[in-house]
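See below for the structure under consideration.
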Amino acid sequence: MNIAICTVCGRRNCKNTFVRRRAHGKRSGQRGAEKREALSDFYAGKGAISRSRFYIQAFACGKMVCRKRDVCEMESVEYCKLEIFIPETHLEALQEVLRAVDAGHIGQYDSCLSYSRVISCWRPREGSAPYLGRAGEISVEPELKVEVTCLRAQVDETVRAVKRIHPYEEPVINVLPLWHTSF
């Protein structure tokens, strides 16, 4: 009997790609042969790992040991959420840019985003050219935190588009993988 246990949420047969597979066998005397057979079945894509007593770490790329694990797991994510901190005066320009790169497209709707007013703090260092504040002094300013979803494949293009219209010298743009969405 094969058991697929998700190492992210702990549930059986979860859709996350990093899965620990364990199969139960009858005799331990044939472990070497069982292991080779199970590995060949695994790499052949049969998915049924029978007659073995060990764990296999399966990544999105299909390798048992992936040196690019974080990248590999990220590649299995279809959507990301961007958090963009921006002055309120630039909200309309941001909406236009996001619409142009098709960020915020959910089903039959586009231009989907949410924003909230926040208070942010920072201190520009010597040699910087701040949009708000003065070098060497702590700035406390109101701004907007804009949240929008986009396809993972379009994240780089979306971030470049946002940076083109963003007034800050060092814009804060967080990209978060969404393991599960409602759409």
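Coordinate-derived values only; no laboratory data. What you are looking at is a predicted structure, and each value in this text was computed from that prediction instead of being measured.
Computed from phi, the 3J(HN,Hα) profile of the stretch 142-154 under the Karplus parametrisation 6.51, -1.76, 1.60 (θ = phi - 60°) reads x, 8, 10, 9, 9, 10, 8, 9, 8, 5, 4, 5, 9 Hz, with x in place of Gly and Pro. Two numbers describe the Cα atoms of the stretch 76-115: Rg and Dmax, which are 11.0, 36 Å.
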